[in-house]
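Engineer: If you scroll down you'll find the structure; I have some questions about it.
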Amino acid sequence: MRPVDQKASVPASPVVLLGGTFDPIHSGHLRAALEIRERLGVEELRLLPCHIPGHRNQPDSHAQHRVNMIRLAIECDSQNGKTGLIVDTRECEQHHISYTVNTLLSLREEIGQRRPIIVTLGMDSFNSLPQWHRWEEILTLGHLLVLQRPGTELSQNAVIRELLQQHLSESLKELKETASGGIWIEEIPPLSISATNIRQQVAKGHSPRYLLPDAVWSYIKVQQLYGYQTQTLSTKSRNTE
């Protein structure tokens, strides 16, 4: 069974991935995904929830809950028009650490060697790339689109600098023309919404409404995720529901 919710795009279109724990997915994730898709001029972008992260703390909620919330967010937003966002669950269907190189190998088996793959990641993640599992193989399998927000700086690490000298593309468009091997740094506007802050607000009995889709907030309440309890929701927050 294919782990993607919708039929893939035509072969000429790049596969664009935006990974993360999405714990929970929020408006910052969705806005960044839409911005990336539009700037690349592609019909779809795959949100790739990580099951077991290799370089950060384990998610607070189970993988299936996070997948469900992504689907609800996409469905909620699609009511206002086609978003071009889909969820790819391949990492959540594995019972081991979610390594990017393994995900790309799986995807290459599925789509072949010629179609471009673009892996989207933040500047902080890119700066830590030499610490990733089999990181040297990643650019043989796909491109890296690095998102730079104001206040984030490129590492002065010699390995990172050399990597850019060897692989920096001449334009964003170039990533769509070859299967792999390129790096492009794209500035995007900040949208300061934190999944950590959302979880903390829920645990304190405060409402995170307007920071994430209403359908996701409803799901959190029904499933009592992140320490949510009906009786502890503050009167002020309860009046905004």
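FYI, it's all coordinate maths here, none of it is from the lab. Remember, predicted model here, so these are calculated numbers, not experimental data. Here Cβ is always computed from backbone atoms with ideal geometry, including for glycine, and neighbour counts include all displayed protein chains.
Engineer: What distance in nm lies between label points placed 7 Å from Cα along the C-beta direction at LEU164 and ILE111?
Structural biologist: Here the modelled spin labels are 2.6 nm apart.
Engineer: Turning to a different aspect of this structure: With everything on Cα atoms, drop me the angle between helix 158-167 and the longest principal axis of the chain, reported from 0 to 90° to the nearest 10.
Structural biologist: Tilt relative to the chain: about 70 degrees.
Engineer: Evaluate the distance, in nm, between pseudo-label points positioned 7 Å from the Cα of HIS133 and of GLU177 along their respective Cα→Cβ axes.
Structural biologist: 3.5
Engineer: Can you give me the angle between helix 63-78 and the longest principal axis of the chain, using Cα atoms only, in degrees from 0 to 90, rounded to the nearest 10?
Structural biologist: Between the helix axis and the principal axis of the chain, the angle is about 90 degrees.
Engineer: Working from Cα positions, state the angle (0 to 90°, nearest 10) between the long axis of helix 27-40 and the longest principal axis of the chain.
Structural biologist: Tilt relative to the chain: about 30 degrees.
Engineer: A further question follows. Any idea how many Lys pairs in the chain come in under 23 angstrom at the alpha carbon, given 8 or more places apart or on separate chains? Show your work: numbers first, answer last.
Structural biologist: Details: LYS7/LYS82; LYS7/LYS176; LYS82/LYS173; LYS82/LYS176; LYS204/LYS221; LYS204/LYS236; LYS221/LYS236.
Taking the chain as the scope, the lysine pair count is 7.
Engineer: Also, quick follow-up: Once you have the Cα-Cα distance between LEU191 and SER155, take 0.36 nm times their residue separation minus that, and quote the gain in nm to one decimal.
Structural biologist: Difference between extended and current length: 10.7 nm.
Engineer: Let me ask another. Hey, what do the phi angles of segment 120-134 turn into as Karplus ³J(HN,Hα) couplings, whole Hz, using 6.51/-1.76/1.60 and θ = phi - 60°, x for Gly and Pro?
Structural biologist: Those phi angles translate into 9, 8, x, 4, 4, 5, 4, 4, 9, 3, x, 8, 6, 5, 6 Hz.
Engineer: Now for a separate question. Using alpha carbon centroids, what distance separates segment 37-51 and segment 128-154, in Å?
Structural biologist: Segment 37-51 and segment 128-154 have Cα centres separated by 17 Å.
Engineer: Please check which bits of segment 13-27 a label hung off ARG209 would reach, taking the label as a point 7 Å along Cα-to-C-beta and the cut-off as backbone N under 15 Å.
Structural biologist: none
Engineer: Then there is this: For segment 140-191, what does the alpha-carbon gyration tensor say about shape, rounded, prolate or oblate, given a ≥ b ≥ c as the root eigenvalues, a/c under 1.5 as rounded, and a/b over b/c as prolate?
Structural biologist: On the way: a/c = 2.47, a/b = 1.23, b/c = 2.01.
Oblate, since a/c reaches 1.5 and b/c is not below a/b.
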